[in-house]
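Peer 1: Got a structure for you, questions after.
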Amino acid sequence: VRGSPVGLMEDLPGHAATRIQSAWRGWAARIHFRFMVCEHALMSAETVTEQLHTSHDQLLAKPLYQMNKTICAGRPVAKKAWLAKRKHPALAEGSGLVWPLNETMIDALVQRLRGGGMVEYEEAERVLKEATTLFEAEPNVRHIGIPSDARLTVVGDTHGQLADLLTIFSVNGLPGPRNLYLFNGDFVDRGAHGCEIVLLLCAIKLAFNGSVHLNRGNHEDDAMNSLADTGSVSFREECAEVKYDHEMYTLFERLFKSLPLCSVVAEKVFISHGGIPRVPGTTLADLNAIDRFRDVPEIALHDVTSSEHERIFCDLLWADPRDRSEVDPEDILTGLEPSGRGCGMVWGADKTQDWLDRNMLAWMIRSHEVEFEGFQWYHKGKVL
């Protein structure tokens, strides 16, 4: 009998399990809702920030950059001022980098940075100049092969977060002949250690050239580096005013202009920081014809005054994939739409398939956006 003590005791396990399950589902739903709210807030903040960057750039930033470059062109290297401003103690005698760079030097540099040290002026200058020479010799589209006994790790935006980069190396190992890395742009801005990230990656590039690769992101550009996000400093301020000087900043910007625009892995996987070109019929060969040694173009979808190469260049670093229309989220997105960022565009699954088929590729990887789970698949598993 259900009302009897025996019946009540028999029903308790099932009742308790139901209540536990209900409480768990409620908790999971609340956590998921908070994740969605946080993700939306982060993406909205990023979009608004980049809208401000592009609008400032169009109105007055570029003339100011050119004026600043003219003023700083004849300025001597202010090493004494740099030494006075830096917060870190000088290196002990004989503990600096020794060329040619090797695994021992890279391990020592990692430990130095992990302990709060920095790359000395003369070290940074040489690393940037030699790495720029290596990158200048690479094509716009870098082809990367993976040996049968090796693996490749693709890393998205690091944005000055040195602790994150060092954690990746701690968990996944430093680059080497069987542990390849591709860093997919946006190394600087927002975080406080853009200089250290770029210098460490370039030093590793010099020590193990075939084991680490860098693609250019939309933040590897003077326009983005000169305007600070709310609550942070710009990369220009970090480099030219806090850690080094304007001549060092010029070396960083020259390096950024030398970085390849995209990569193809194992002849099947296309990797760019942003997206695919809006220009119909574009091939990988067309990408190699672009002059990349310049500032990143910021071209809106319906801008008819720019060249095809400028539009392609912009999209590789600025575009975003979407499964649904940003104009009407109820609709599946086909074709192209203007981007809320103020330049570039968003593209649908049909454009992805067309790009992959035309260039005999299987799928693509890109970065450029906050994904709360760390990654997200778009376009039926064709875009990661």
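The values are calculated or read from the model by the stated rules, or taken from the named source; none is laboratory data. Since we're looking at a predicted model, the values are computed, not measured. Note that we place each Cβ from the backbone using ideal geometry, even for glycine, and neighbour counts take in every protein chain shown. Ligands, DNA and RNA are stripped out before the accessible areas are found, and what is left, the full protein with its side chains, is counted by its heavy atoms. Shrake-Rupley method; radii C 1.70, N 1.55, O 1.52, S 1.80 Å.
Peer 1: Looking only at the stretch 186-232, which residues are of a type in the set (S, T, N, Q) and under 22 Å from ILE271 (Cα atoms)?
Peer 2: Keep residues of the stretch 186-232 that are of a type in the set (S, T, N, Q), which gives 209, 211, 215, 218, 225-226, 230, 232.
Result: ASN209, SER211, ASN215, ASN218.
Peer 1: Another question, then. Filter the stretch 265-308 for residues that are of a type outside the set (Val, Ile, Thr) and in contact with a Ser or Thr (Cβ under 6 Å, 6 or more places away or on another chain); which is farthest from CYS343 (Cα to Cα)? Spell out the reasoning first.
Peer 2: Initial filter on the stretch 265-308 (of a type outside the set (Val, Ile, Thr)): 266-268, 270, 272-275, 277-278, 280-281, 284-289, 291-295, 297-298, 300-303, 306-308.
Of the ones still in play, those that are also in contact with a Ser or Thr (Cβ under 6 Å, 6 or more places away or on another chain) are 273, 298.
Numbers: HIS273: 15, GLU298: 5 Å.
Across the stretch 265-308, the extreme among qualifying residues is HIS273.
To keep it simple, each residue is scored yes or no on (1) at pLDDT 95 or above; (2) of a type outside the set (A, V, I, L, M).
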| position | (1), (2) |
| --- | --- |
| LEU91 | no, no |
| GLU123 | yes, yes |
| VAL127 | yes, no |
| GLU136 | yes, yes |
| HIS143 | yes, yes |
| VAL154 | yes, no |
| SER170 | yes, yes |
| GLY176 | no, yes |
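Peer 1: VAL198 passes all but one of (1) surrounded by fewer than 24 Cβ atoms within 10 Å (Cβ to Cβ); (2) under 15 Å from the mean Cα position of the chain (by Cα); (3) closer than 27 Å to ALA150 by Cβ; which number fails?
Peer 2: (1)
Peer 1: A further question on this structure: Of all residues in the stretch 179-206, which are basic (Lys, Arg) and not in a loop (DSSP other than H, G, I, E, B)? Give the derivation first.
Peer 2: Residues of the stretch 179-206 basic (Lys, Arg): 190, 205.
The answer is LYS205, and nothing else.
Peer 1: Just the residues that are acidic (Asp, Glu), open to solvent by 70 Å² or more (accessible area, probe 1.4 Å) and not in a helix (DSSP H, G or I), please, taken from the stretch 148-172. Before the answer, list the steps.
Peer 2: Within the stretch 148-172, the subset acidic (Asp, Glu) is 149, 157, 164.
Retained after the next criterion (residues that are open to solvent by 70 Å² or more (accessible area, probe 1.4 Å)): 149, 164.
ASP149, the sole residue that qualifies.
Peer 1: Mind checking which pairs have a first residue in the stretch 325-345 that is outside any loop (DSSP other than H, G, I, E, B) and a second that is basic (Lys, Arg) and open to solvent by 30 Å² or more (accessible area, probe 1.4 Å), Cβ under 8 Å, 6 or more apart or different chains?
Peer 2: ILE332/ARG324; LEU336/LYS351; GLU337/ARG322
Peer 1: How about the stretch 282-298: which of its residues are farther than 15 Å from LEU259 by Cβ and either open to solvent by 10 Å² or more (accessible area, probe 1.4 Å) or in contact (Cβ under 8 Å) with a residue 60 or more places away in the chain (or both)?
Peer 2: Looking only at the stretch 282-298, we keep the residues that are farther than 15 Å from LEU259 by Cβ, and these are 282-286, 289, 297-298.
THR282, THR283, LEU284, ALA285, ASP286, ALA289, GLU298, listed by residue number.
Peer 1: Give the stretch 301-321 a look and list any residue that's charged (D, E, K, R) and either at pLDDT 95 or above or open to solvent by less than 20 Å² (accessible area, probe 1.4 Å) (or both), or say none. Spell out how you get there, then give the answer.
Peer 2: As a first pass, look at the stretch 301-321 and keep what is charged (D, E, K, R): 303, 308, 310-311, 315, 320.
Within the stretch 301-321, GLU308, GLU310, ARG311, ASP315, ASP320 qualify.
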